[in-house]
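For reference, the structure discussed in these notes is given below.
The values are calculated or read from the model by the stated rules, or taken from the named source; none is laboratory data. Computed from a prediction, not measured in an experiment: that's the story for all the values here. Heads up, the Cβs are rebuilt from the backbone with ideal geometry, glycines too, and the neighbour counts pull from every protein chain shown. What goes into the accessible areas is simple: the full protein's heavy atoms, side chains included, and nothing from ligands, DNA or RNA. Shrake-Rupley method; radii C 1.70, N 1.55, O 1.52, S 1.80 Å.
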Amino acid sequence: MLAETYVRWRVAREHRRSAKLTRAELEAEKLAKFRRLVRYAEPRSPYYRRIIAERGIKIETCTPSDFPVLTKSLLMRHFDEIATAPGVTKSAIAEFLTRSHDPTELFLNRYRVIHTSGSSGEVGYFVYSSNDWARGTTMRQQGGRPVRKGGAKGKFRVAYYAAVDGHYAGVTLISSFKSGLARFFADLEMFEVNDPLADVLAKLNGFQPEVLIGYTTALKILAAEQRRGTLKLERVINVTTAGEATTPADMAFLSQTFGCQVVNSYGCSEHLGMGSSPPGGDKIVIYDDDLVFELEPDHTLVTNLFNHTLPLIRYRMADVLRQIPSEEHAPYLVIESLVGRNELQPVFKNRDGVEDFISPHTINEVFVAGVTRFQLHLTGESEFRFMICLDPALDATQSSAAAAAVAARLREILARKRMENVRFDVVPTDDLPVNPRTRKFQLILDRRGGEPAVTFPLSAVDKAG
């Protein structure tokens, strides 16, 4: 903890210095960092060593554009060759994630591991040393310190409403703060987004947080309950959205409901904290001291300069970022707040006949070794089909075991929401369909209109529910 605290202090000092640079000066510093990263990776990563040799890349003069694009598929295919640390292998991480659901537990007692399917439906692993993590999670505060309500004193009460039962980015970050210096200044409580909504409302009413952090859609549900009177929070001075696109209308709804400022944060499992909006602002400032962005019309390439354990050079993300000319936050980039991550949110009636939701984040954090991609198809008012792609290296017995493990995990998710009445099928398939209108992948598709997804042999279907 002391080592991370020192790194955070050092990084915060670097940030204060960087904020005074010109854009050209910041780019020059980042280029020097990039070359140090490549120099570090070349003797330790067979993948990058091969690329450097094949392309004749000179480390002392190289730029990110000298390297090929890295997709999540390529990352997972070449994971063991990309990782620079001994023992950090795809199979060892899969084994760790299969048994560990505690976000505070470290892989090999040294590394934080995050897994996610993100917006692609493809499972990915991301690994951070203590130094990497501290550099990627050192926060900046925009605007002045908010005024507390009702003469509140002592620690700030902070509520995090999201998926909290595994190695996911948000809960891992909050957990690291709970065990760090932040615990002396804030009382941080985590609320599982997959708990029954009525239970969450009761706990929040008892906790009375001053700061609310969570997925945009989940926070909007809380805001609707606040307006309805079932949620009665009286001390909220800040709402911070995360994990999904947040529109100006969303921010206005949350701000008006809770009577406070709203901050729209932007981050991901691959690169941790990337930026945030000024309080009440409808734009996002990208703090790219340790990130190199290449903005394309339909995707974004990001080179991560702080993760030396799993170097990600020109890593492709589906987020579409539109830069806005602005000198107000120089030398940093400013983008439109809408980055296109919203997913359909399934709503079912539980066993008591009460409507409740399942967050898409709960779905995209499903982990079963051997399952490489997945997608949920809503097929009825109380049923769905869960499509899975399996590692081709699995034999028939292993494939059946993986499908059964997915079914067991889905039962756990539904039982936690008191939705044992919801039926589902787990269906192995070779590929997953895209949205026919946008031609982009969606984690959750609505097939209740009768449109068939694909045709499957009955032998491939694992009946559940």
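Using the 1.4 Å probe convention, the accessible area of the stretch 205-319 works out to 30 Å² per residue with neighbouring protein chains retained.
Couplings 3J(HN,Hα) of the stretch 36-46, computed from phi: 5, 4, 5, 4, 6, 6, 4, x, 10, 10, x Hz, in residue order, whole Hz [Karplus 6.51 cos²θ - 1.76 cosθ + 1.60, θ = phi - 60°; x for Gly and Pro]. With a 1.4 Å probe and all protein chains left in place, how much of the accessible area of the stretch 193-258 comes from carbon and sulfur atoms, in whole percent? Solvent-exposed carbon and sulfur of the stretch 193-258 make up 53 percent of the total. Just so you know, the Rg over Rh for the stretch 1-58 is 1.13, from Cα atoms, with Rh as the Kirkwood radius. Rounded to the nearest whole Hz, the Karplus-based 3J(HN,Hα) values (6.51 cos²θ - 1.76 cosθ + 1.60, θ = phi - 60°) of the stretch 397-404 follow the sequence 5, 5, 5, 5, 5, 5, 4, 5, with x at glycine and proline. Hey, what did the stretch 262-407 get for relative contact order, percent, Cα under 8 Å, at least 6 apart? Dividing the mean separation by the residue count of the stretch 262-407 yields 13 percent. Considering only beta bridges that DSSP places wholly inside the chain, some 55 percent are antiparallel. The listed residues Arg16, Arg49, Arg385 rank as Arg16, Arg49, Arg385 when sorted by accessible area, largest first, using a 1.4 Å probe.
One quarter of the convex hull surface, Cα atoms only: what value does that give for the stretch 148-238 in nm²?
Values: hull surface 23.5 nm².
Over all viewing directions, the stretch 148-238 projects a mean Cα-hull area of 5.9 nm².
Overall, the chain carries a charge dipole of about 1220 debye about its Cα centre when +1 sits on the Cβ of Lys and Arg and -1 on the Cβ of Asp and Glu, all other atoms neutral. Treating only the Cα positions of the stretch 367-439 as identical point scatterers, give the base-10 log of I(q)/I(0) from the Debye formula at each q in 0.18, 0.19, 0.25 Å⁻¹. Here the Debye-derived log intensity ratios amount to -0.74, -0.81, -1.15.
Per atom type, the stretch 32-184 shows carbon and sulfur on 52% of its accessible surface, probed at 1.4 Å. Relative to one another, the C-alpha centroids of the stretch 368-398 and the stretch 301-319 are positioned 28 Å apart. Binning all Cα-Cα separations of the chain at 10 Å, short to long from zero, yields these whole-percent fractions: 4, 19, 30, 28, 15, 4, 0. Think of a 1.4 Å ball rolled over the protein heavy atoms: the stretch 49-124 then has 48 Å² of accessible area per residue. For Glu54, the accessible surface of its heavy atoms amounts to roughly 140 Å² (probe 1.4 Å, protein chains only, rounded to the nearest 10). In this simple spin-label model, placing a label point 7 Å from the Cα along the Cα-to-Cβ direction at both Ser382 and Gln398 gives a separation of 3.9 nm.
Percent of Cα pairs in the stretch 240-291 per distance bin of 10 Å, from zero to the largest separation: 27, 51, 20, 3.
Counting only protein heavy atoms and a 1.4 Å probe, the stretch 379-429 has 44 square angstrom of accessible area per residue. As a calculated quantity, the FRET efficiency between Met139 and Asn205 at R0 = 41 Å, using C-beta atoms, amounts to about 0.90. Working from Cα pairs under 8 Å separated by at least six residues, relative contact order for the chain is 15 percent.
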